[in-house]
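Asker: A single structure is presented below for examination.
What follows draws every value from the coordinates through simple rules; no lab data is involved. The shown structure was predicted, so the numbers you read here are calculated from the model rather than taken from an experiment. Positions of Cβ are generated from backbone atoms using ideal geometry, with glycine treated the same way; all protein chains shown enter the neighbour counts.
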Amino acid sequence: MSIKTYAVEGMTCMHCVHHVTEALKEVEGVKDVKVSLAEKTALVNSDGVQFTVLQHAVAEAGYTLSEK
Ligand SMILES: [Cu+2]
């Protein structure tokens, strides 16, 4: 289990938060996700899912994930 916080670019409203949250939750191995619009972050609790896999899922939803 690993908990990491990533930076998210491109979110402007709660719909964006929802899209990013769902995109991350759909990734196999992801257990819990908390996205903050104010802080522009995504807290991801996973079974050690690689950053690039998460980044790809978020990119498909139209947002940018980067390592902090
Ligand atoms: Cu939005």
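Asker: Identify the residue in segment 8-23 that is assigned to a loop (DSSP other than H, G, I, E, B) and in contact (Cβ under 8 Å) with a residue 40 or more places away in the chain and, among all such residues, is farthest from the ligand (Cβ to nearest atom). Steps first, answer last, please.
Answerer: Residues of segment 8-23 that are assigned to a loop (DSSP other than H, G, I, E, B), as a first pass: 10-13.
From what is left, the residues that are in contact (Cβ under 8 Å) with a residue 40 or more places away in the chain are 10-11.
Details: 10: 9, 11: 6 Å.
In this case the residue turns out to be 10.
Asker: So which residues in segment 1-48 are of a type in the set (A, V, I, L, M, F, W, C) and either under 13 Å from residue 67 (Cβ atoms) or touching a Ser or Thr at 6+ places or on another chain (Cβ under 7 Å) (or both), if there are any at all?
Answerer: Taking segment 1-48 as the starting set, the residues that turn out to be of a type in the set (A, V, I, L, M, F, W, C) are 1, 3, 7-8, 11, 13-14, 16-17, 20, 23-24, 27, 30, 33, 35, 37-38, 42-44.
7, 8, 30, 33, 35, 42, 43, 44 - these are the residues of segment 1-48 that are of a type in the set (A, V, I, L, M, F, W, C) and either under 13 Å from residue 67 (Cβ atoms) or touching a Ser or Thr at 6+ places or on another chain (Cβ under 7 Å) (or both).
Asker: Now for a different question. I want to confirm something. Restricting to segment 24-35 and keeping residues that are in a loop (DSSP other than H, G, I, E, B) and not charged (D, E, K, R), which single residue is farthest from the chain's Cα centre (by Cα)?
Answerer: Among those that are in a loop (DSSP other than H, G, I, E, B) and not charged (D, E, K, R), it is 29.
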